[in-house]
Amino acid sequence: MIRRRPILLSALILAAGMALVACTPRADTGPIVVSAIGGTPELGDPARGTLDMPTRLMLDMTAQGLVRFDSAGQIEPGIAERWSVIDNGTSYIFRLRDAEWSDGKPVTAAEVVKVLRRQIAPGSRNILRPYLSAIDEIVEMTPQVIEIRLKRPRPDLLKLFAQPEMAILRTAPPGGSGPYRVLSQRRRTVLLRPAFDPSRSPDEDVAEPSPAATIRLIGERAARAIVRFERREANLVTGGTFADWPLVNLSTIAPINRRFDPAAGVFGLAVVDRSGVLADAANRAAIARAIDRAGFVAAIAPEWEPASQLLPEQLDSSAPPAVPTWSAPPAPGEPSPRDRIAAWQRAHPGDLRLRIALPNGPGANLLYGYVGSALISLGITPERVAIDAPADLRLIDAVAPYDSGRWYVATACQMCSEAAQTAIDAARDADSPRLRAQQIEAADAALAKDVAFIPIARPLRWSLVSIRLRAWTGNSRAWHPLNHLRNDPN
């Protein structure tokens, strides 16, 4: 059975390759072809919920925010040409550049204010809204200047506003201010061209953007994207996760084209049902200790490292990351994980079963194998369910949008102790950086003691990158703006 798995995966990749259009032109002679793993690229509204990678890229390219990320994950101007921070960090003032919506009408501060207010309003499902609670109001100061007033200082605010989820997207008529425009759209493919009209330039000799400055964005499954790159019909595959990485290892793509991001974030199992065997913290600790992290990450990629702590480093906590007791070898006389669960089961007779919510993909199959093996060794029957189905343990695989311990503790606390939740709320409402740091420390310690989240590693994010894209740079955000893929767009 073990020998058959690579054959099955190879067949999947071969089938995907046969489905590709054979007459696709070579990618190095025309537009930059980007294959983003996910669904159809579209101008999705962040206020309506989570966006996949193709839609995030589409937003970033056609409806930039006040600020943006560059290729290294650093802040650069977006629709705002400059900004200042005053009043001890409680006021951000942005001056907008001269910009146009996709229909050619000028962008005004009033419209930008309206869009931003909508994204953080009650009822918005924008995934960043919980981390923007410090915003008191957003106001128009002049037709070109807006002010964001905060209840409390938030030094990482710009990193949140650089995320595609905070794009300045007008809904009626739909569109943004660039830096690219949609030239054409067909099925899962969008052709993007730099948002520049030479007829409006005083220089009559300015030519149309070259074909190399155009981007063809495709949304598709990982297997198809890998085959497209292997056949040199794409310059970039982006949005790869641990779930699909084993497919790359079955390809003939050269190691120089395989790139990993040093992504910051969380990757582990959140406790989402605290009934039954998971009602006891000692049982949760026994499960956490039984999982072979090192074996799992080595089975996916040698470059990947396991993790047992929630915070990757101290960040803005007042103490180093909390070390859970289960990460150390059992103390003399301490019951083994198997003995601990067996004792619980003797006191609670009946079927002992746990539902594990995971995504699809061969990497997720491997994870289920390791987690399931650990549970079976404890006398627990594992049951795999879809990632969004009712479950007992659910995989959280998320890249941090900004560098605060509060994001980590809030993300890990899907269902945690009252002490942890109280500290998380207090960190959100803290009036000073010192108090905020103390509450983040308290929340981190409470989560480790409560074993409400079982860390496994840091998020694995990969790309396939043509040597043509010399400006591609790995970064902690695992984000690669399509207008920063080449040093020379010509």
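The values are calculated or read from the model by the stated rules, or taken from the named source; none is laboratory data. Please read all numbers here as calculations on a predicted model, not as lab measurements. FYI the Cβ positions are ideal-geometry reconstructions off the backbone, even for glycines, and counts take in every protein chain you see. Only protein heavy atoms, including side chains, enter the accessible area calculation; ligands, DNA and RNA are left aside. Shrake-Rupley method; radii C 1.70, N 1.55, O 1.52, S 1.80 Å.
Dipole magnitude of region 136-184 about its Cα centre, charges +1 at Lys/Arg Cβ and -1 at Asp/Glu Cβ only, in debye to the nearest 20? Spell out each step's value before the answer.
On the way: 7 positive and 6 negative charges, 24 e Å.
So the dipole magnitude of region 136-184 works out to roughly 120 debye.
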- Task: Can you work out the PRE-style zone for Ser275? Point 7 Å along Cα to Cβ, and I want the residues of region 349-371 with backbone N under 11 Å.
- Result: none
- Task: May I have the convex hull volume per residue, in Å³, for the Cα set of region 199-338?
- Result: 245 Å³
- Task: Using only alpha carbon positions, build the gyration tensor of region 57-151, then give the equivalent ellipsoid semi-axes as the square roots of 5 times its eigenvalues, largest first, whole angstrom.
- Result: 20, 17, 16
- Message: With a 1.4 Å probe and all protein chains left in place, how much of the accessible area of region 143-302 comes from carbon and sulfur atoms, in whole percent?
- Response: 52 percent
- Task: Take a quick pass over the chain and tell me how many lysine pairs come in under 22 angstrom between Cα atoms, counting only ones 8 or more apart or on separate chains.
- Result: 4
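Between rounded, prolate and oblate, where does region 78-231 land on the alpha carbon gyration tensor, with a ≥ b ≥ c its root eigenvalues, rounded for a/c under 1.5, else prolate if a/b exceeds b/c? Can you show the working numbers first?
On the way: a/c = 2.28, a/b = 1.42, b/c = 1.61.
Taking the square roots of the gyration eigenvalues as a ≥ b ≥ c, region 78-231 is oblate.
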- Note on the structure: Rounded to whole angstroms and listed largest first, the alpha-carbon spread of region 379-468 along its three principal axes comes to 50, 45, 20
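Do the sum for the chain: with -39,500 (n - 2.57) for every DSSP H run of n ≥ 4, divided by all residues, what is the mean residue ellipticity at 222 nm, to the nearest 500 deg cm²/dmol?
Numbers: 13 runs with 140 residues, N = 490.
About -8500 deg cm²/dmol.
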- Query: For region 203-303, which GluC sites (Glu not before Pro) are both in a DSSP coil and crowded by at most 16 other Cβ atoms within 10 Å?
  - Reply: Glu204, Glu303
- Listed highest first by mean packing, meaning other Cβ atoms within 10 Å per residue, what order do 369-376, 477-484 come in? 477-484, 369-376
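Where the only charges are on Cβ atoms (+1 Lys, Arg; -1 Asp, Glu), what is the dipole of the chain about its Cα centre, to the nearest 20 debye?
Details: 58 positive and 52 negative charges, 261 e Å.
Rounded to the nearest 20 debye, it is 1260 debye.
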- Message: Order 325-331, 279-285 from most to least packed using the mean count of other Cβ atoms within 10 Å.
- Response: 279-285, 325-331
- At q = 0.09, 0.11, 0.15, 0.21 Å⁻¹, what is the log10 ratio I(q)/I(0) for region 310-447, with the Debye formula run over Cα points and no solvent? -0.37, -0.55, -0.95, -1.21
- Applying the Karplus parametrisation 6.51 cos²θ - 1.76 cosθ + 1.60 with θ = phi - 60° to the phi angles of region 40-54, what ³J(HN,Hα) value in whole Hz is obtained for each residue in order, glycine and proline being reported as x? 7, x, 7, 7, x, 8, x, 5, 9, x, 5, 10, 8, 4, x
- Taking only protein heavy atoms and a 1.4 Å probe, what accessible area per residue, in Å², does the chain have with all protein chains in place? 45 Å²
- Note on the structure: Scoring the chain by relative contact order with C-alpha pairs under 8 Å, at least six apart, yields a percentage of 21 percent
- Report the FRET efficiency, 1/(1 + (r/R0)^6), for Arg95 and Arg384, where r is their Cβ-Cβ distance and R0 is 60 Å, rounded to 0.05. 0.70
- Item | Cα extents of region 121-203 along the three principal axes, largest first (Å) | 45, 37, 25
- Message: Take Arg82 and Arg48, extend 7 Å from each Cα along the Cα→Cβ direction, and tell me the distance between the two endpoints in nm.
- Response: 3.9 nm
- Note on the structure: Short to long, in 10 Å steps from zero, the percent of alpha-carbon pairs of region 207-274 per bin is 14, 40, 26, 14, 4, 1, 0
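Are there trypsin sites (Lys or Arg not before Pro) in region 134-186 that DSSP puts in a loop and that have at most 14 other Cβ atoms within 10 Å, and which ones? Could you put the intermediate results ahead of the total?
Values: sites: Arg149, Lys151, Lys159, Arg170, Arg181, Arg186; in loops: Lys151.
Loop-located and lightly packed - Lys151.
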- Query: Given a 1.4 Å probe and every protein chain left where it sits, what share in percent of the accessible area of region 312-464 is carbon and sulfur?
  - Reply: 54 percent
- Mind checking the angle between helix 362-377 and the chain's longest principal axis? C-alpha axes, 0 to 90 degrees, to the nearest 10. 20 degrees
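Just check region 425-490 against the gyration tensor rule for me: Cα atoms, a ≥ b ≥ c as the square roots of the eigenvalues, rounded for a/c under 1.5, and otherwise prolate or oblate depending on whether a/b exceeds b/c. Let's see the in-between values first.
Values: a/c = 5.62, a/b = 2.21, b/c = 2.55.
Since a/c reaches 1.5 but b/c is at least a/b, the shape of region 425-490 is classed as oblate.
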- Computed over the Cα atoms of the chain, the Rg and Dmax in Å are 24.2, 85
- A correct Stokes-Einstein calculation for region 240-301, using the alpha-carbon Kirkwood radius, 10 °C and 1.306 mPa s, returns a whole-number D in µm² s⁻¹ of 108 µm²/s
- re region 276-371: pairs of Cα atoms spaced beyond 20 Å account for a percent value of 52 percent
